[in-house]
Every structure is written in structure tokens, then in C-alpha cells.
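Some notes on the structure that comes next.
The values are calculated or read from the model by the stated rules, or taken from the named source; none is laboratory data. Owing to the predicted nature of the structure, the values given are computational and were not obtained by experimental measurement. Cβ coordinates were reconstructed from backbone atoms using ideal geometry, including for glycine residues, and neighbour counts include every protein chain displayed. Ligands, DNA and RNA are excluded from the accessible area calculation, which covers all protein heavy atoms including side chains. Shrake-Rupley method; radii C 1.70, N 1.55, O 1.52, S 1.80 Å.
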Amino acid sequence: MLKQTLLKAVEAGAAELTRFFNGSFTISNKEGVNNLVTEADHAAEKAIFDVIRKEFPGHYILSEETGEIVQDSSYKWIIDPIDGTVNFANGIPICCVSIGIEHEGEMVMGAVYNPFLNELFFAQKGFGSTLNDQLIRVSDTHELIHSCLVTGFPYTYLDSPNGPLQVFEKLIRKGVPVRRLGSAAIDLCWVAAGRFDGFYEHKLQAWDSAAGFLIVKEAGGTITDFKGDPYSPYQPHLIATNGKIHADLLRVVNGGEL
Ligand code: IPD
Ligand code: CA
Ligand code: CA
């Protein structure tokens, strides 16, 4: 029932993305210069809430546009109604609905759905990860220098040592391709599917990574913070890789050489 409701919820959210995509919708700004929220973000969030509340009215919800709906429950739904809103607002079909479910503080299920590419990623703890019902695995690349990476940049630039641009520059100067898709949830799923060998980002929120975190882990990947400790979606730093290049990417993100 949990899985069915999760899949129904991502589909209901995605139907709103499809309904508004390339049409007219209101856009407003949040904190930061181009940190947008559209009418579609709110509509998708509402459609997702409706599905969850029908089956599990007592579950705790954390969702980007509404914040926390605190309930005394061992289940917590962590929702990004549109991950990749800037893409969405510009008619770029790299965006998705992302929902992770925690049970007693542990991520147990996650789904990421991009209706424009018709790609549904799903993971359940202990059961692997799938893309449209086919099992997926991380890549087998062993060397960072031969890797294809992806990253993202926060809306408000971080001027910290080894900040996003410094790490990016170091990799690019050595000739390592580093893509920037604009959706952290999709970045994670594409690591899980072996399209990218690794992903790092300096400032994420729980809703960006909750589902993708489990999808990477269940596809055999490694996901940590910048210290190399087990990843928690409640802190900002994320490195997700195929495992083989993890130590090398961790070193570079912390200011070391390639
Ligand atoms: C953003 C995307 C982007 C990442 C940003 C996130 P949003 O989420 O995941 O790839 O670089 O840090 O905030 O605003 O589109 O939901
Ligand atoms: Ca997001
Ligand atoms: Ca969002």
C-alpha cells in the first residue's frame, strides 16, 4: 500500500507538471535572485498531498513549498513537487517530482518521476532500484580522470574555500566533463542508472536528495557527505558515485589534487 500510494503521488504531481508545461503560469521569486516558484509547484504539491492524505492522513510530511506538517508518526514523506523549477519555467524538460519516505528515521522508499522523458525511478530499501521497472546499476568506471560527472550550483553563491566554482574549475582544467542538469534528484538517478559516474553538490535541502539518496544506494552506489561519513539529507553536502571513484572525488571536493 505504501508503494502504491507513493507511485500514485508522483504520478499525480507529474500530471500537474505536464498540464502547466510550456503553458502560462504565474512565477514568483523566493530568497536568492532566480530562486523561482511557479503555480505548477503549488498545484503539484497539492495533488501529491491529496493522494497521501487519502491513504495516510496521520503521516508526517516535509515538503518544499509548505514546510513541515508535523504529525506523531513514524513515517515521514519528504517531497519536492518540482525539482528543476528553473528548467520547468524555461520549458526545459529536465525536471521531476521527487518523493522519499522515511520510517523511524531511515529512508525506506523513494520515487523520482520525469514525465517528459517518461522515466520513473523507484527504490525500496533492500530491493534494488529500477527505471521503468527494469533494475539499474551504477557504472563501472574506476578512474576519476575518465569519469563523466554532474554537479549543481546553489541559488545564492557560496564563497567558501573549495566552493562550487573552485571544485568545478579544478575538474574542468584537467579535462573531466562535468555536466550541470539543474535537477539534483535527476542527477542522483542518473548516477544510479550509470549515466554519470559521480555527482557532488555543496548546498542541498532534504527534499532535493531524499528519494535519490536511496535510489543511488540501492543501485550499488556510494553516497556520503564531504567528510566521507554516511550521507544524511538533513545536512547540505553530498557526494554520490559508483563507489570506485568515491575516494578520489572526495579528495578533490576537499581541495586535493586529481
Ligand atoms: C534545485 C535543483 C538544482 C540544485 C539546487 C536545487 P529546485 O531545486 O535541484 O539542481 O542545484 O540546489 O535547489 O529549486 O529546482 O527544487
Ligand atoms: Ca529541489
Ligand atoms: Ca522544488
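How large, in percent, is the carbon and sulfur part of the accessible surface of the chain at a probe radius of 1.4 Å? Kindly include the intermediate steps, with their values, before the conclusion.
Details: 5650 of 11220 Å².
Roughly 50 percent of what the probe reaches on the chain is carbon or sulfur.
What's the center-to-center distance, using Cα atoms, between segment 59-87 and segment 154-204 in Å?
Centre-to-centre (Cα) distance: 24 Å.
Each label point is 7 Å from the Cα along the Cα-to-Cβ direction; what then is the distance between the points at GLU31 and HIS142, in nm?
4.6 nm
Counting other Cβ atoms within 10 Å, keep those with at most 11, restrict to DSSP loop, and tell me which GluC sites (Glu not before Pro) in segment 46-139 are left. Before the final figure, lay out the partial values.
Values: sites: GLU55, GLU64, GLU65, GLU68, GLU102, GLU104, GLU106, GLU119; in loops: GLU64, GLU65, GLU104.
Those that pass, being in a loop and sparsely packed, are GLU104.
First measure r as the distance between the Cβ atoms of ASP225 and GLN4, then evaluate 1/(1 + (r/R0)^6) with R0 = 30 Å and state the FRET efficiency to the nearest 0.05. List each step's numbers first, then the result.
Numbers: r = 33 Å, r/R0 = 1.09.
Efficiency, rounded to the nearest 0.05: 0.35.
Looking at segment 42-146, which trypsin sites (Lys or Arg not before Pro) are DSSP coil and have at most 15 other C-beta atoms within 10 Å of their C-beta? Working shown, then result.
Values: sites: LYS46, ARG53, LYS54, LYS76, LYS125, ARG137; in loops: LYS125, ARG137.
In loop regions of segment 42-146 (DSSP not H, G, I, E or B), the sparsely surrounded trypsin sites (Lys or Arg not before Pro) are LYS125, ARG137.
What 222 nm value per residue comes from the helices of the chain, counting each DSSP H run with n ≥ 4 as -39,500 (n - 2.57) and dividing by all residues, nearest 500 deg cm²/dmol? Before the final figure, lay out each step's value.
Details: 7 runs with 81 residues, N = 258.
About -9500 deg cm²/dmol.
Under a Cβ-Cβ cut-off of 15 Å, what is the net charge of the residues other than SER232 that fall near it, where Lys and Arg count +1 and Asp and Glu count -1? All intermediate terms of the calculation are to be shown ahead of the outcome.
Working: positive: LYS76, LYS203, LYS217, LYS227; negative: GLU102, GLU104, GLU106, GLU201, ASP208, ASP225, ASP229.
Neighbour charge sum, excluding SER232 itself: -3.
At what distance in nm do the modelled label points of ARG53 and SER160 sit from each other, each positioned 7 Å from its Cα along Cα→Cβ?
Placing both labels 7 Å beyond Cα along the Cβ direction yields 3.6 nm.
Could you name the lysines whose alpha carbon sits less than 30 Å from that of LYS46, not counting residues in the same chain fewer than 8 places away?
LYS3, LYS8, LYS30, LYS54, LYS76, LYS125, LYS203, LYS217
Under a plain spin-label model, where a point goes 7 Å from the Cα along Cα-to-Cβ, how far apart in nm are GLN71 and ASN132?
3.3 nm
Enter the accessible area per residue of the chain (Å², integer; probe 1.4 Å; all protein chains in place).
Numbers: 11220 Å² over 258 residues.
Each residue of the chain exposes 43 Å² on average to a 1.4 Å probe.
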